[in-house]
1. Would you please name the residue that is farthest from Asn122 (Cα to Cα), looking only at residues in the stretch 40-62 that are in contact (Cβ under 8 Å) with a residue 60 or more places away in the chain and β-branched (Val, Ile, Thr)?
2. So Asp87 fits all but one of (1) touching a residue at least 12 places away in the same chain (Cβ under 8 Å); (2) surrounded by fewer than 13 Cβ atoms within 10 Å (Cβ to Cβ); (3) touching a strand residue (DSSP E or B) at 6+ places or on another chain (Cβ under 6 Å); what number is the exception?
3. Do you know which residues across the stretch 115-134 are under 11 Å from Ile59 (Cβ atoms) and in contact (Cβ under 8 Å) with a residue 40 or more places away in the chain?
4. Consider only pairs whose beta carbons are under 7 Å apart and that are at least six residues apart or on different chains; among these, list those whose first residue lies in the stretch 64-76 and is at pLDDT below 90 and outside any helix (DSSP H, G or I) and whose second residue is of a type outside the set (Phe, Trp, Tyr) and surrounded by 14 or more Cβ atoms within 10 Å (Cβ to Cβ).
5. Tell me which residues, restricted to the stretch 63-84, are more than 19 Å from Phe134 (Cβ to Cβ) and more than 26 Å from the chain's Cα centre (by Cα).
6. Can you say whether Tyr58 is hydroxyl-bearing (Ser, Thr, Tyr), modelled with pLDDT of 85 or more and over 19 Å from Tyr110 (Cα atoms), as far as the supplied structure shows?
7. So which residues in the stretch 115-134 are in a strand (DSSP E or B), surrounded by fewer than 17 Cβ atoms within 10 Å (Cβ to Cβ) and within 22 Å of the chain's Cα centre (by Cα), if there are any at all?
8. Of the residues that sit in the stretch 96-114 and are in a strand (DSSP E or B), in contact (Cβ under 8 Å) with a residue 24 or more places away in the chain and loosely packed, with under 15 Cβ neighbours inside 10 Å, which one is farthest from the chain's Cα centre (by Cα)?
Amino acid sequence: MASTSSRVTQQPDTRSRWSERGEGRLGTIFGLVVLAVTVYLAFKVVPVMVNAYAFRDYIEQETRFAALRNRDEEVIKRVLRKAEELDLPVTRKSITVNRSTSHFDIRVAYTIPIETPVYTYNWIFKEEYRAPLF
């Protein structure tokens, strides 16, 4: 007897694909939305953080070198000028300077509103530094 071998080709089972619900697509869309929100918030927050850090560093330097400046008003003007340069909402009223015989203190408080389409967050900064006078 001659044996005839017939190859059986397997066809993909399309019934199992029909039962999928598309959860992979929903997860991808959710991930992209989270990524977009993160990028948007980073775009809003990172410049504020960079400017606030630069201002904090400047105030610390001004406090350390306050002994070289005889007038407190000069220190306040320099701090206001730096805040204006960094686009920070610092006013003369928000700066407190105190000089004693042994140390120099400076305090600056300001608020930066971070606006989003849904919510406005008021980020409060309070910088306080003390340095000894020589």
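The values are calculated or read from the model by the stated rules, or taken from the named source; none is laboratory data. Since the model is a prediction, treat every value here as computed from it, not as a measurement. With ideal geometry, Cβ positions are generated from the backbone for all residues, glycine too; neighbour counts draw on all protein chains shown.
1. Of everything passing the filter in the stretch 40-62, Ile59 is farthest from Asn122 (Cα to Cα).
2. (3)
3. Across the stretch 115-134, the qualifying residues are Phe125, Glu127, Tyr129, Ala131.
4. Pairs that qualify, where the first residue is at pLDDT below 90 and outside any helix (DSSP H, G or I) and the partner is of a type outside the set (Phe, Trp, Tyr) and surrounded by 14 or more Cβ atoms within 10 Å (Cβ to Cβ), are Arg69/Val75.
5. First pass over the stretch 63-84, keeping only residues more than 19 Å from Phe134 (Cβ to Cβ): 73, 76-84.
Glu73, Ile76, Lys77, listed by residue number.
6. no
7. Glu115, Thr120, Tyr121, Asn122, Trp123, Ile124, Lys126, Glu128
8. Restricting attention to the stretch 96-114, the residues satisfying the condition of being in a strand (DSSP E or B) are 96-99, 103-114.
Applying the additional criterion that residues be in contact (Cβ under 8 Å) with a residue 24 or more places away in the chain yields 97, 99, 103-106, 108, 110, 112, 114.
Right, trim to loosely packed, with under 15 Cβ neighbours inside 10 Å and you get 103, 114.
On the way: His103: 33, Ile114: 10 Å.
If we take residues in the stretch 96-114 being in a strand (DSSP E or B), in contact (Cβ under 8 Å) with a residue 24 or more places away in the chain and loosely packed, with under 15 Cβ neighbours inside 10 Å, then His103 is farthest from the chain's Cα centre (by Cα).
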